[in-house]
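Asks: To start, I am sharing the structure in question, which I have written as structure tokens.
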Amino acid sequence: MPKDPRLSRLHDYLKRLTGCLGHADRDEPMRDYVVGLLMPGERKSMEPMAARLSPRAVSAKHQSLHHFISESPWDANRLLDAVRSEVLPAFQRLGGIQAWVIDDTGFPKKGRDSVGVSRQYCGVLGKQDNCQVSVSISLANVHASLPASWRLYLPEAWCTDAAKREKARIPETVVFRKKWEIALDEVDRLLALGVPSAPLLADAGYGVVTEFREALVQRALTYAVGIPGEVTVWTAGRMPAPPKPWGGRGRPAVALRPSPGHRPVAVAALAHDLPASAWKAVTWRQGSTKPMRSRFAAVRVHAAHRQQGTALRPEEWLVIEWPAAEAAPTKYHLCNLPASSSVKDLVATIHMRWRIERDYQELKDEIGIDHFEGRSWRGFHHHAALCIAAYGFIAAERARLFPPETVTFIPAPSGRLPRPRGSPL
């Protein structure tokens, strides 16, 4: 029987990635780990993978994987960079990089010792609960995406607890950073590496932060970010009044000032004041069962939230989504794409954010990025980087064979596997 050419491509792909690990002794466990992640199986933690990879020598294989993940001092970011360099060329025929998508995802946890675990909001559960949270950036186009950055969010209580830091082996250089600050750090890292820029997309958890949007403007970056309905803006009919005339005493007034008829308006209120002619039905892509379609309005505004100084913020787009079947608007976005952009182009850019949700779903459901059972900072990031390496190969195969097909091809070993310790009967 001829050898599957996909297995040959996987072998070559992994061989090229080993160059970033720093030592030849790490090559074999890296290949084993990625192959273990690609093989079928309900759990992608180390012991079940060891049982699938080497049924006759489970303990030795488990020890090898554990040392590679938890102890070996290779750089997870270097591996992510190598994966990106390998996979992105396959994206070019599908449109190249059309967006950088920023988001965070949670991993529910039962215990308290896994690095970064805390009672915090978990998007997977839709509520506050015990979990870890990671911040990531995916490079995306309409057809494909790849995480290029993956960082654990470390709650402030962890950052200031010396005992926890020591136990989880958190590097001294790691200090408390808010999620939007972590995202900005990673944006800077990727830009410094020469990754082509594209509009940055993020949900309202990031877009509501004025400092985050202003930092993107300072970097001359384009963005389309969600905001909540209470964020205020200046519109053409509601601009601030000029500074008060100088009365001859004290310093002349220079600050912009609200006054009757010159007050910013909440975007939710603005949406209700728009005429029917402002709303347009837009289809932005084909869904799994029907076209994705909704109503949108786009208005030129100046963000007014936390307004300071003598000048208005730059004019930008406010894009409002109000499905016909809903009693009120459902989403609001601020977007500094060119003033000449059409509503269809604005909507297509904004809704490319769904790609990161696809990344999270497949990394968890197919690759097992949330199955890691270790507790250290290094182990968490090593496991994540290898999951992304496995996912990157699948993404490249889909891009090469576009339109995509299911790519699951690492066969399970024949015969009955040993039952990992602690697994249910």
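The values are calculated or read from the model by the stated rules, or taken from the named source; none is laboratory data. Predicted model only: the values in this text are computed from it and were never measured. All Cβ positions, even for glycine, are placed from backbone atoms using ideal geometry, and neighbour counts span all protein chains on display.
Asks: Looking at the range 32-55, I want the residues that are in contact (Cβ under 8 Å) with a residue 60 or more places away in the chain and under 17 Å from Glu362 (Cβ atoms) and have a partner that is charged (D, E, K, R) and buried (at least 24 other Cβ atoms within 10 Å of the Cβ) with Cβ atoms under 8 Å, at least 6 apart or on another chain. Which pairs are those?
Replies: Here the result reads Leu37/Lys44, each pair linking the range 32-55 to a residue that is charged (D, E, K, R) and buried (at least 24 other Cβ atoms within 10 Å of the Cβ).
Asks: OK, next. Out of Ala384, Ala303, I need the residue that is over 27 Å from Ser85 (Cα atoms), crowded, with 22+ Cβ neighbours inside 10 Å and in contact with a Ser or Thr (Cβ under 9 Å, 6 or more places away or on another chain). Which one?
Replies: Values: Ala384 fails: over 27 Å from Ser85 (Cα atoms).
Residue meeting the stated conditions: Ala303.
Asks: Being of a type outside the set (S, T, N, Q), within 28 Å of Leu200 (Cβ to Cβ) and surrounded by 13 or more Cβ atoms within 10 Å (Cβ to Cβ) is true for just one of Leu10, Leu21, Leu17. Which residue is that? Working first, answer last.
Replies: Numbers: Leu10 fails: within 28 Å of Leu200 (Cβ to Cβ); Leu21 fails: within 28 Å of Leu200 (Cβ to Cβ).
Going through Leu10, Leu21, Leu17 in turn, the sole match is Leu17.
Asks: Of the conditions (1) touching a residue at least 40 places away in the same chain (Cβ under 8 Å); (2) over 30 Å from Thr349 (Cβ atoms); (3) of a type in the set (Asp, Glu), Asp103 fails just one. Which one is it?
Replies: For Asp103, the failing item is (2).
Asks: Being among the small types (Gly, Ala, Ser), in contact with a Ser or Thr (Cβ under 6 Å, 6 or more places away or on another chain) and buried (at least 17 other Cβ atoms within 10 Å of the Cβ), is that true of even one residue in the range 158-178? Steps first, please.
Replies: Here is the first cut: in the range 158-178, the residues among the small types (Gly, Ala, Ser) are 162-163, 168.
With the extra rule that they be in contact with a Ser or Thr (Cβ under 6 Å, 6 or more places away or on another chain), the set shrinks to 168.
Filter once more, so that each one left must be buried (at least 17 other Cβ atoms within 10 Å of the Cβ): 168.
Checked against the condition, which is being among the small types (Gly, Ala, Ser), in contact with a Ser or Thr (Cβ under 6 Å, 6 or more places away or on another chain) and buried (at least 17 other Cβ atoms within 10 Å of the Cβ), the range 158-178 yields at least one hit.
Asks: Now for a separate question. List pairs: first residue in the range 217-246 and exposed (fewer than 12 other Cβ atoms within 10 Å of the Cβ), second residue at pLDDT 90 or above and part of a loop (DSSP other than H, G, I, E, B) anywhere in the structure, Cβ distance under 9 angstrom, at least six positions apart or on different chains.
Replies: Correct list of pairs: Ala220/Ser197.
This table checks each residue for (1) under 26 Å from Asn141 (Cβ atoms); (2) touching a helix residue (DSSP H, G or I) at 6+ places or on another chain (Cβ under 9 Å); (3) of a type outside the set (Val, Ile, Thr).
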{"position": "Pro323", "(1), (2), (3)": "yes, no, yes"}
{"position": "Ala327", "(1), (2), (3)": "no, no, yes"}
{"position": "Gln361", "(1), (2), (3)": "yes, no, yes"}
{"position": "Glu366", "(1), (2), (3)": "yes, yes, yes"}
{"position": "Phe380", "(1), (2), (3)": "no, yes, yes"}
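Asks: Moving on. I want to confirm something. Restricting to the range 221-250 and keeping residues that are of a type in the set (A, V, I, L, M) and in a loop (DSSP other than H, G, I, E, B), which single residue is modelled with the lowest pLDDT? Break it down into steps so the answer makes sense when it comes.
Replies: First pass over the range 221-250, keeping only residues of a type in the set (A, V, I, L, M): 221, 224-225, 227, 231, 233, 236, 239, 241.
Filter once more, so that each one left must be in a loop (DSSP other than H, G, I, E, B): 221, 231, 236, 239.
Working: Leu221: 97, Val231: 95, Ala236: 85, Met239: 78.
That would be Met239.
Asks: Something else about it: With the structure loaded, tell me whether Leu346 is closer than 24 Å to Leu201 by Cα and either among the aliphatic types (A, V, I, L, M) or assigned to a helix (DSSP H, G or I) (or both) or whether it fails that test.
Replies: On the way: closer than 24 Å to Leu201 by Cα: yes; either among the aliphatic types (A, V, I, L, M) or assigned to a helix (DSSP H, G or I) (or both): yes.
Yes, satisfied.
Asks: Still on this structure: Suppose we filter Val142, Val195 for residues that are in contact with a Lys or Arg (Cβ under 7 Å, 6 or more places away or on another chain), surrounded by 15 or more Cβ atoms within 10 Å (Cβ to Cβ), part of a loop (DSSP other than H, G, I, E, B) and in contact (Cβ under 8 Å) with a residue 12 or more places away in the chain; which single one remains? Before the answer, list the steps.
Replies: On the way: Val195 fails: in contact with a Lys or Arg (Cβ under 7 Å, 6 or more places away or on another chain).
Residue meeting the stated conditions: Val142.
Asks: Need pairs with beta-carbon distance below 8 Å; first residue in a loop (DSSP other than H, G, I, E, B) and within the range 10-24, second surrounded by 11 or more Cβ atoms within 10 Å (Cβ to Cβ) and among the acidic types (Asp, Glu); sequence gap 6+ or separate chains.
Replies: Close Cβ pairs satisfying both conditions: Leu21/Asp27; Gly22/Asp75.
Yes/no matrix, rows are residues, columns are (1) polar (S, T, N, Q); (2) more than 27 Å from the chain's Cα centre (by Cα); (3) under 19 Å from Glu230 (Cα atoms):
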position: Leu318; (1), (2), (3): no, no, yes
position: Asn336; (1), (2), (3): yes, no, no
position: Ser340; (1), (2), (3): yes, yes, no
position: Trp354; (1), (2), (3): no, no, no
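Asks: If you go through the range 36-59 one residue at a time, do you hit one that is part of a helix (DSSP H, G or I), over 25 Å from Ala168 (Cβ atoms) and not aliphatic (A, V, I, L, M)?
Replies: In the first step, residues of the range 36-59 are kept if they are part of a helix (DSSP H, G or I); the result is 36-38, 46-53, 58-59.
Now narrow it down to the ones that are over 25 Å from Ala168 (Cβ atoms): 38, 51-53, 58-59.
Imposing the further condition that a residue be not aliphatic (A, V, I, L, M) reduces the set to 52, 59.
Yes: one or more hits.
Asks: Sticking with this structure for a sec: Checking the conditions here, which among Ser138, Ser118 is closer than 30 Å to Leu94 by Cα and in the same structural domain as Asp81 (by TED's automatic domain parsing)? Working first, answer last.
Replies: Numbers: Ser118 fails: closer than 30 Å to Leu94 by Cα.
From the options Ser138, Ser118, the qualifying one is Ser138.
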